[in-house]
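> Dropping a structure here in structure tokens format, bear with me for questions.
The values are calculated or read from the model by the stated rules, or taken from the named source; none is laboratory data. All values derive from a computational prediction rather than experimental measurement. Virtual Cβ from ideal backbone geometry, glycine too; neighbours counted across all protein chains shown. Surface accessibility is based on the protein's heavy atoms, side chains included, excluding ligands, DNA and RNA. Shrake-Rupley method; radii C 1.70, N 1.55, O 1.52, S 1.80 Å.
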Amino acid sequence: MKIGIDLDGVVLDSETTFRTYEEIFAVEKGNIIVDREEPKFQARYDWSQEEQREFINKYFLTVSRESGLMSGFLAVYRLLKKQGHEFVVITARGGHVKEMKDDAERILSENNIEFDKYYWRVEDKLEICKKENVDLMIDDDWQIVKKLSENGVKTLYFRDTNLKKLEENEFVKEVNNWGDIYRIIK
């Protein structure tokens, strides 16, 4: 099986770290949460473009450097690789801050993780999923999951606390950890 895989919030525990620093920044700025179910700070908070740039400049590299692997990822990844599954990384990482790609590569290298193919700074994951003919995509952004599933790409929605719930169907299954992912793929 060819598995498309996002990095942030799926392989790397960066989304939890992002939300921590987003809250710190929001409290410092006196901003409120606009929509807690949104995964990205641009829609989650009522920040001006200047505040968004300030957050990116102040915290993106810190978050990237503090993030580690998602709990259970390494064990499940190794089992699935041993069973012959192929992994294609399809991520937006490296788009806002180039050095974040370097941090991801460092973490993967330190853990002896080598995916079969990499797509960095991706803006349209549907295009890559179709091009690569992935059998299954794993992502944590409900908007991406919705787009992929509506276009016939089977998707596992790695949903973290508070994020928008999607109705499951033949193209969308919700997972909350790597054990769930293993059970579905196996």
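> Quick one: Glu51 ticks every box in (1) of a type in the set (Asp, Glu); (2) surrounded by fewer than 16 Cβ atoms within 10 Å (Cβ to Cβ); (3) in contact with a helix residue (DSSP H, G or I) (Cβ under 9 Å, 6 or more places away or on another chain); (4) farther than 25 Å from Asp124 by Cβ except a single one, so which number is it?
Only one criterion in (1) of a type in the set (Asp, Glu); (2) surrounded by fewer than 16 Cβ atoms within 10 Å (Cβ to Cβ); (3) in contact with a helix residue (DSSP H, G or I) (Cβ under 9 Å, 6 or more places away or on another chain); (4) farther than 25 Å from Asp124 by Cβ is unmet by Glu51, namely (2).
> Still on this model: Of the residues in segment 11-26, how many are within 13 Å of Gly68 (Cβ to Cβ) and not hydroxyl-bearing (Ser, Thr, Tyr)?
4
> Turning to a different aspect of this structure: Give all pairs with beta carbons closer than 6 Å in which a residue from segment 121-138 that is at positive phi meets a residue that is basic (Lys, Arg) and open to solvent by 20 Å² or more (accessible area, probe 1.4 Å); count only pairs at least 6 apart in sequence or on separate chains.
From segment 121-138, no pairs qualify.
> May I pose another question? Would it be correct to say that Ala26 is out of contact with any helix residue (DSSP H, G or I) (no Cβ under 7 Å at 6 or more places or on another chain), small (Gly, Ala, Ser), open to solvent by less than 20 Å² (accessible area, probe 1.4 Å) and free of Cβ contacts under 8 Å to residues at least 24 places away in the same chain?
Taking the combined requirement at face value, the residue satisfies it.
> A further question on this structure: Evaluate segment 87-102: report whether one residue or more is assigned to a helix (DSSP H, G or I), open to solvent by less than 50 Å² (accessible area, probe 1.4 Å), within 26 Å of Thr155 (Cβ to Cβ) and at pLDDT below 90.
There is at least one residue in segment 87-102 that is assigned to a helix (DSSP H, G or I), open to solvent by less than 50 Å² (accessible area, probe 1.4 Å), within 26 Å of Thr155 (Cβ to Cβ) and at pLDDT below 90.
> A follow-up question, please. Residues of segment 54-71 being open to solvent by 40 Å² or more (accessible area, probe 1.4 Å), within 30 Å of Arg183 (Cβ to Cβ) and not charged (D, E, K, R), which ones?
Leu69, Ser71 - these are the residues of segment 54-71 that are open to solvent by 40 Å² or more (accessible area, probe 1.4 Å), within 30 Å of Arg183 (Cβ to Cβ) and not charged (D, E, K, R).
> OK, next. Just to be sure I understand, how many residues within segment 169-186 are surrounded by 14 or more Cβ atoms within 10 Å (Cβ to Cβ) and part of a strand (DSSP E or B)?
4
> Can you find even one residue in segment 5-22 that is surrounded by 14 or more Cβ atoms within 10 Å (Cβ to Cβ), out of contact with any Asp or Glu (no Cβ under 8 Å at 6 or more places or on another chain), free of Cβ contacts under 8 Å to residues at least 12 places away in the same chain and part of a helix (DSSP H, G or I)?
Yes.
> May I pose another question? Could you list, in sequence order, the residues of segment 154-168 that are of a type in the set (A, V, I, L, M, F, W, C) and either assigned to a strand (DSSP E or B) or open to solvent by less than 20 Å² (accessible area, probe 1.4 Å) (or both)?
Leu156, Phe158, Leu163
> From the residues in segment 114-153 that are among the basic types (Lys, Arg) and either closer than 22 Å to Pro39 by Cβ or touching a Lys or Arg at 6+ places or on another chain (Cβ under 8 Å) (or both), which one is surrounded by the most Cβ atoms within 10 Å (Cβ to Cβ)?
The selected residue is Lys125.
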